[in-house]
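*Asks:* Take this structure first; my questions come after.
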Number of protein chains: 2
Amino acid sequence: MQPSQSLAPREGLTTTELRDAWPVLSHAERAEGIGLLPRDAAEDLFFSLDAHDQAELIRSLPAGERRSWMRLLPPDDAADVVQQTPLPDREAMLGLLDEPTRKEVMGLMAYAEDHAGGLMNPRFARVRPDMSVDEAIAYLRKQGREQVETIYYTYVLDPEQRLLGVLSFRELFDADATQRVRDVMRTNIVSVTDRMSQEEVSRLFVRSGLIAIPVIDGEGRMKGIVTIDDIVHVIAEEATEDIQKLGGSEALGAPYLKVGFLQMVRKRAGWLSALFLGEMLTATAMGYFEKEIERAVVLALFVPLIISSGGNSGSQASTLVIRAIALGELRLRDWWRVVRREVAAGVALGSLLGTIGLARILSWVVLFHAYGAHYLLVGFTVAGSLVGVVTFGTMAGSLLPFVLRRLGFDPASACAPLVATLVDVSGLVIYFSVASFILRGTLL
Amino acid sequence: MQPSQSLAPREGLTTTELRDAWPVLSHAERAEGIGLLPRDAAEDLFFSLDAHDQAELIRSLPAGERRSWMRLLPPDDAADVVQQTPLPDREAMLGLLDEPTRKEVMGLMAYAEDHAGGLMNPRFARVRPDMSVDEAIAYLRKQGREQVETIYYTYVLDPEQRLLGVLSFRELFDADATQRVRDVMRTNIVSVTDRMSQEEVSRLFVRSGLIAIPVIDGEGRMKGIVTIDDIVHVIAEEATEDIQKLGGSEALGAPYLKVGFLQMVRKRAGWLSALFLGEMLTATAMGYFEKEIERAVVLALFVPLIISSGGNSGSQASTLVIRAIALGELRLRDWWRVVRREVAAGVALGSLLGTIGLARILSWVVLFHAYGAHYLLVGFTVAGSLVGVVTFGTMAGSLLPFVLRRLGFDPASACAPLVATLVDVSGLVIYFSVASFILRGTLL
């Protein structure tokens, strides 16, 4: 496909069309497409891209055009774009910025990308407490559009850059012109430290309903603001990471189709191998019961059913608990309350499955004369095991996230293999123990 | 625990302390705690609560105080609070509002809660295109704080309430005072219809980086704005629903500890039973191979290992694909590209697990003289089956979300049981087929 054929003839190319086609276009096609849009539409599209795509796009443009695009970005976004640029080209990207912005960007790059300091914009609207409202408005107008990305809030700082108060622009606008800023500002301030993790920052946004939150360093000086539009990405990204980890792979860290094949296999192979090594214990456990299986092959028939029921109930419980912990709905000290509740739920769910299982076995006896003379005992073995296995699975699945969290691990990534292994191996032990208890003297 | 002992002596109770203790407090304690805070801190805490807790809190307060809290809420939030109130008390809650707001709230309640119309605030800053910038600013000041929740954007409407353009407050503020609004407004507008689902609206916010998006009805009239602070809740909620569905239960729809025990068991029992009914096919499949198991009990030992490996690789693939579809990274037409890629990944991952499995069997032979005379053939059976089972699991796990989506189902909720059942049953068939091929004439 030649780019000139695919895009050039479409005079009336819209932002939406280009945005929709974006993921499947080559770098050259993207650069060409941007060039075909009117400048304001092109800028809207540019701002809607993530930092990775912005970096690629800028590098695909002719050398003379790069500067004007790079300079559109506020310092926090420019820092992300530089960080998404391969190491050898970073110096050149930084070189596109003007001197003061370059300094700001390099300051931001010193912070970890997933800390408040790495998310913040160092440009914000600031006034002094002893200004009158009218002076403050005039002062803000002078700070000019380039200096301040957002003007939802104005921050009141003392000469040491310590945060004294905050005013929404609306509040400033509505206040009496002659009043002092210190008399109209709000002093009940929500702020974060520059080392706070982006998860905590995003929870604070969800809780507080604010549009921007100030970032304070270790010495109590205000360094910048985190705005909610950067946080919506974080919330979606964190959920994606948790979902991928719960699905049993490392977080991919990039859209599915953008992750290289080998890298993707590597990210998935780790957990699959860990799960596999854990599950090898099932072969060991089965080995212990080889004699029982030889004597009553009918027992082997229900092994997949029993262990999958334990696994399903365990992963159901652990998923619910892990998400509730991630959202802050559950804390460590709630563990006992949760486990008690889950054991009760496990008994109820296990009894339900046990009843269905017994009904299934009895139907097969009637329909196909299956499972031999002791079919009733086999049925009770399966039903009884299901109650035990599902209860154990639910309990283990709900308890492990707390244990992992207490030990300092991320429950989302470490829980799945542990629950699976634990529940499958214990499931086999429970099943064959129930079997030897019920079937001793008949089949065993 | 008596509320008066737990809260009253703490003169210096802070918002943070009360917020942290919130989930474990009774209704009476919450109402008392709010009363102990200074009014501005109490209001901040009130705004940070979700609609469910706001409704409960208002109903726990003395009758005389309810009105002042209810009237703090903008119409969209008031509508949510009314919807979170049990049916018999809704009329009374609506009665707390003033007449014009009550009408707005009742209009909003006609929309589905998860549509743009149900999320929107009907109050927004509006100006006419032929006003001068100075007139527009004066007009906005007159609209007053009560009438307009947010002032990030000002919308330019014609007399039929059709949206002509938009101006950020900053742009209006910076524009030349004598220019006409129509000459400075942006006409390249992002908007949504009132029937758009909240998932689509939230994706648009993530894409566009906007703080508010106008809502347009079927006749092209602007009805309100959706603001990003309502959307951060939606993004987190949607992710929670997907995670809970992927974990094999219905979405709980409320925080873990707030869902009643019976309701929770019911939400989980459905999928567990569906999974169980599907997995019963494994017992049928095992039944077909009963003769083989009788002749070579050693085969039964590896059944849990084989099917769990297929299940793990399948759920890994389906989770990655489902999340990528939910984020809009993958579309239906990408299915062939994805499946090809997943089959290649499956062969690679299966070969890895097969090699580990073979090594495990050979070590046990050396260490414990396990698995009899034909250990090498058993080893190759297990290794070969793992390649087949993992490849099939990966392929099925990546293909099914596309198929379900194409048929109009939600991949997140319907995929897990289908993949599990399909992969477990096919895994058994693959395993025993490989076994009869390799072991015919020796063990079988």
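*Asks:* Output yes when any residue across the range B:303-325 is facing chain A (nearest Cβ under 9 Å), charged (D, E, K, R) and either under 27 Å from A:Phe289 (Cβ atoms) or surrounded by fewer than 22 Cβ atoms within 10 Å (Cβ to Cβ) (or both), and no when none is.
*Replies:* The answer is no, given that none of the residues of the range B:303-325 is facing chain A (nearest Cβ under 9 Å), charged (D, E, K, R) and either under 27 Å from A:Phe289 (Cβ atoms) or surrounded by fewer than 22 Cβ atoms within 10 Å (Cβ to Cβ) (or both).
*Asks:* Shifting gears a bit: Looking at the range B:214-248, which of its residues are free of Cβ contacts under 8 Å to residues at least 24 places away in the same chain and among the hydrophobic types (A, V, I, L, M, F, W, C)?
*Replies:* B:Ile228, B:Val232, B:Ala236, B:Ala239, B:Ile243
So that you can scan it fast, the table gives a plain yes or no per residue for (1) of a type in the set (Ser, Thr, Tyr); (2) out of contact with any Phe, Trp or Tyr (no Cβ under 8 Å at 6 or more places or on another chain); (3) surrounded by fewer than 20 Cβ atoms within 10 Å (Cβ to Cβ):
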| residue | (1), (2), (3) |
| --- | --- |
| A:Glu238 | no, yes, no |
| A:Ser249 | yes, no, no |
| A:Phe261 | no, yes, yes |
| A:Gly270 | no, yes, yes |
| A:Phe276 | no, yes, no |
| A:Glu279 | no, yes, no |
| A:Ala283 | no, no, no |
| A:Glu290 | no, yes, yes |
| A:Ile293 | no, yes, no |
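*Asks:* For A:Thr85, indicate whether it is within 30 Å of the chain's Cα centre (by Cα) and polar (S, T, N, Q). Before you say what the answer is, go through the steps one by one.
*Replies:* Working: within 30 Å of the chain's Cα centre (by Cα): yes; polar (S, T, N, Q): yes.
The answer is yes for A:Thr85.
*Asks:* Inspect the range B:80-101 for any residue being basic (Lys, Arg) and touching a helix residue (DSSP H, G or I) at 6+ places or on another chain (Cβ under 7 Å) and give the result as yes or no.
*Replies:* yes
*Asks:* Out of B:Ala300, B:Ala344, which single residue is within 21 Å of A:Val297 (Cα to Cα) and of a type in the set (A, V, I, L, M, F, W, C)? Walk me through how you get there before you give the answer.
*Replies:* Values: B:Ala344 fails: within 21 Å of A:Val297 (Cα to Cα).
Criteria check complete, one pass: B:Ala300.
*Asks:* Residues that are more than 11 Å from chain B (Cβ to nearest Cβ), touching a Pro at 6+ places or on another chain (Cβ under 6 Å) and under 28 Å from A:Val105 (Cβ atoms): does the range A:196-204 have at least one?
*Replies:* Checked against the condition, which is being more than 11 Å from chain B (Cβ to nearest Cβ), touching a Pro at 6+ places or on another chain (Cβ under 6 Å) and under 28 Å from A:Val105 (Cβ atoms), the range A:196-204 yields no hits at all.
*Asks:* Still on this structure, please answer the following. Among the residues of the range B:367-382, is there at least one that is more than 12 Å from chain A (Cβ to nearest Cβ), within 16 Å of B:Ser426 (Cβ to Cβ) and aromatic (Phe, Trp, Tyr)?
*Replies:* no
*Asks:* So, in the range B:237-246, exactly how many residues are touching a Ser or Thr at 6+ places or on another chain (Cβ under 9 Å), at pLDDT 80 or above and at the interface with chain A (Cβ under 7 Å from one of its Cβ atoms)?
*Replies:* 4
*Asks:* How many residues are in a loop (DSSP other than H, G, I, E, B) and surrounded by fewer than 17 Cβ atoms within 10 Å (Cβ to Cβ) when one looks only at the range A:30-47?
*Replies:* 1
*Asks:* State yes or no: is A:Trp364 within 26 Å of B:Leu301 (Cβ to Cβ), surrounded by fewer than 19 Cβ atoms within 10 Å (Cβ to Cβ) and not polar (S, T, N, Q)?
*Replies:* In short, yes.
*Asks:* If I ask for residues that are in contact (Cβ under 8 Å) with a residue 12 or more places away in the chain, of a type outside the set (A, V, I, L, M) and part of a loop (DSSP other than H, G, I, E, B), which ones from the range A:417-444 would you list?
*Replies:* A:Thr442
*Asks:* Let me ask you something else. Starting from residues that are closer than 29 Å to A:His233 by Cα and among the small types (Gly, Ala, Ser), keep the ones in the range A:126-167 and report whichever is modelled with the lowest pLDDT.
*Replies:* A:Gly144
*Asks:* Which is within 24 Å of A:Phe261 (Cα to Cα) and not basic (Lys, Arg), of B:Phe437, B:Phe402, B:Phe380? Steps first, answer last, please.
*Replies:* Numbers: B:Phe437 fails: within 24 Å of A:Phe261 (Cα to Cα); B:Phe380 fails: within 24 Å of A:Phe261 (Cα to Cα).
It is B:Phe402.
*Asks:* Restricting to the range A:22-35, give me the number of residues that are within 18 Å of A:Ala254 (Cα to Cα) and either touching a helix residue (DSSP H, G or I) at 6+ places or on another chain (Cβ under 8 Å) or touching a residue at least 40 places away in the same chain (Cβ under 8 Å) (or both).
*Replies:* Going through the range A:22-35, the residues within 18 Å of A:Ala254 (Cα to Cα) turn out to be A:22-27.
After this cut, where a residue has to be either touching a helix residue (DSSP H, G or I) at 6+ places or on another chain (Cβ under 8 Å) or touching a residue at least 40 places away in the same chain (Cβ under 8 Å) (or both) as well, the list is A:22-23, A:25-27.
The total comes to 5.
*Asks:* So for the range A:257-276 (the condition being modelled with pLDDT under 85, touching a helix residue (DSSP H, G or I) at 6+ places or on another chain (Cβ under 8 Å), at the interface with chain B (Cβ under 7 Å from one of its Cβ atoms) and more than 18 Å from B:Gly310 (Cβ to Cβ)), does at least one residue qualify?
*Replies:* Scanning the range A:257-276, I find at least one residue that is modelled with pLDDT under 85, touching a helix residue (DSSP H, G or I) at 6+ places or on another chain (Cβ under 8 Å), at the interface with chain B (Cβ under 7 Å from one of its Cβ atoms) and more than 18 Å from B:Gly310 (Cβ to Cβ), so the answer is yes.
For every residue, the table says whether it meets (1) of a type in the set (A, V, I, L, M); (2) on the phi < 0 side of the Ramachandran plot; (3) buried (at least 18 other Cβ atoms within 10 Å of the Cβ); (4) under 33 Å from the mean Cα position of the chain (by Cα).
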| position | (1), (2), (3), (4) |
| --- | --- |
| B:Ala28 | yes, yes, no, yes |
| B:Leu57 | yes, yes, yes, yes |
| B:Leu61 | yes, yes, yes, yes |
| B:Met70 | yes, yes, yes, yes |
| B:Ala78 | yes, yes, yes, yes |
| B:Met106 | yes, yes, no, yes |
| B:Ala110 | yes, yes, no, yes |
| B:Gly118 | no, yes, yes, yes |
| B:Leu140 | yes, yes, yes, no |
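*Asks:* Can you list residue pairs whose Cβ atoms sit under 6 Å apart, with the first residue in the range B:260-283 being under 26 Å from B:Leu428 (Cβ atoms) and the second being charged (D, E, K, R)? Count only pairs 6 or more apart in sequence or on different chains.
*Replies:* Between residues of the range B:260-283 that are under 26 Å from B:Leu428 (Cβ atoms) and residues that are charged (D, E, K, R), the close pairs are B:Met280/A:Arg360; B:Thr282/B:Asp424.
*Asks:* Looking at the range A:334-345, I want the residues that are away from chain B (no Cβ under 11 Å) and have a partner that is among the hydrophobic types (A, V, I, L, M, F, W, C) and part of a helix (DSSP H, G or I) with Cβ atoms under 6 Å, at least 6 apart or on another chain. Which pairs are those?
*Replies:* Sorted first by the residue in the range A:334-345, then by its partner, the pairs are A:Trp335/A:Phe402; A:Val339/A:Leu399; A:Val343/A:Met395.
*Asks:* Okay, next question. From the list B:Arg123, B:Arg170, which one is more than 11 Å from chain A (Cβ to nearest Cβ), modelled with pLDDT under 85 and surrounded by 16 or more Cβ atoms within 10 Å (Cβ to Cβ)?
*Replies:* B:Arg123 is the lone residue from the list that is more than 11 Å from chain A (Cβ to nearest Cβ), modelled with pLDDT under 85 and surrounded by 16 or more Cβ atoms within 10 Å (Cβ to Cβ).
*Asks:* Hey, another quick one. Would you please name the residue that is nearest to A:Pro23 (Cα to Cα), looking only at residues in the range B:348-361 that are more than 8 Å from chain A (Cβ to nearest Cβ) and crowded, with 18+ Cβ neighbours inside 10 Å?
*Replies:* B:Gly350
The values are calculated or read from the model by the stated rules, or taken from the named source; none is laboratory data. Since we're looking at a predicted model, the values are computed, not measured. All Cβ positions, even for glycine, are placed from backbone atoms using ideal geometry, and neighbour counts span all protein chains on display.
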